[in-house]
Amino acid sequence: MRSCDSHFGYQAISKVVPLVFAWNNSTLDCARQLNAKTVPDERRPDMQFATPMITAIDYINENVNGHPGLIHGGMTTIIAHSTASLLAAINSAPGTRIVSQSLNMDYKKPIRTGGFVKIHAWLYG
């Protein structure tokens, strides 16, 4: 099995890999997202970064259920952390080590499996 064949639990559609959209600091769509208040004011991306925000879209199937039809909370954390780590790597010099200082998750509502999820990550500070 190749590594992408089991990404985040799917195997039946092994040719599908996550889509990632990078928003650079001059992207009109990034400005629209911010103006639509989808990002809290205290966590608005810092436009000093070359790529302050990314959006990932991935398929989540039933192999990652915590309860029937719902994604396991640990898998939710892995997806969020992987997306944020990718953004940090995009904005780092080649060869730089990326390390998480801390990770806190506030779960707002359950996420259903058997469909696509959209994950936003942004840098601020």
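The values are calculated or read from the model by the stated rules, or taken from the named source; none is laboratory data. Predicted model only: the values in this text are computed from it and were never measured. Here the Cβ is made from the backbone with ideal geometry for all residues, glycine too, and neighbour counts use every protein chain on show. Remember, those area values only see protein heavy atoms, side chains included, never the ligands or the DNA or RNA. Shrake-Rupley method; radii C 1.70, N 1.55, O 1.52, S 1.80 Å.
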>> Name the residue that is farthest from Ile54 (Cα to Cα), counting only residues in region 67-116 that are open to solvent by less than 50 Å² (accessible area, probe 1.4 Å), part of a strand (DSSP E or B) and at pLDDT 90 or above.
In response: Leu70
> Just checking, how many residues over region 88-125 are in contact (Cβ under 8 Å) with a residue 60 or more places away in the chain and among the aliphatic types (A, V, I, L, M)?
Replying inline: 5
